[in-house]
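Q: Here it is, the structure, as structure tokens.
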Amino acid sequence: MRVLIIEDSLVGRLLHTVLERDGHEPVLVDNGTDGWRVLTAPAAPPELLILDRMLPDVDGADLLARLR
């Protein structure tokens, strides 16, 4: 499963490690701008999004609203 993790703390790295170990395809970015680029890229979109609410550049809730 393709999983996008938008998280700017150690939690993101931990999630990435665990998901990769379990056979998933995690992509980790540490800000909303890069996360938006991954979400809107022409390549296959992620099947699951793990999104931090408090990001350094964009509020996670705002990013989610934009995605909807």
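Q: Kindly check whether there is at least one residue in the range 17-32 that is open to solvent by 70 Å² or more (accessible area, probe 1.4 Å), of a type outside the set (A, V, I, L, M) and within 11 Å of the chain's Cα centre (by Cα).
A: yes
Q: Here is a list: Ala65, Ala61. Which entry is open to solvent by 50 Å² or more (accessible area, probe 1.4 Å), free of Cβ contacts under 8 Å to residues at least 12 places away in the same chain and of a type in the set (A, V, I, L, M, F, W, C)?
A: Answer to the selection: Ala65.
Q: Does Arg21 count as in contact with a strand residue (DSSP E or B) (Cβ under 7 Å, 6 or more places away or on another chain), over 17 Å from Asp59 (Cβ atoms), at pLDDT 95 or above and charged (D, E, K, R)?
A: no
Q: Separate question: State all residues of the range 35-53 that are within 19 Å of Val11 (Cβ to Cβ) and in contact (Cβ under 8 Å) with a residue 12 or more places away in the chain; if no residue qualifies, say none.
A: Across the range 35-53, the qualifying residues are Gly35, Val38, Pro46, Leu48, Leu49, Ile50, Leu51, Asp52.
Q: Here is a further query. Of everything in the range 33-56, what is open to solvent by 60 Å² or more (accessible area, probe 1.4 Å) and part of a loop (DSSP other than H, G, I, E, B)? Give them in sequence order.
A: Pro42, Ala43, Ala44, Pro45, Glu47, Arg53, Pro56
Q: Do you know which residues across the range 39-53 are touching a helix residue (DSSP H, G or I) at 6+ places or on another chain (Cβ under 7 Å) and aliphatic (A, V, I, L, M)?
A: Correct list: Leu39, Ile50, Leu51.
The values are calculated or read from the model by the stated rules, or taken from the named source; none is laboratory data. Keep in mind the model is a prediction, meaning the values are calculated, not measured. We place every Cβ from the backbone using ideal geometry, glycine too, and count neighbours over all the protein chains shown. Just so you know, the surface numbers come from the protein's heavy atoms only, side chains and all, with ligands and any DNA or RNA stripped out. Shrake-Rupley method; radii C 1.70, N 1.55, O 1.52, S 1.80 Å.
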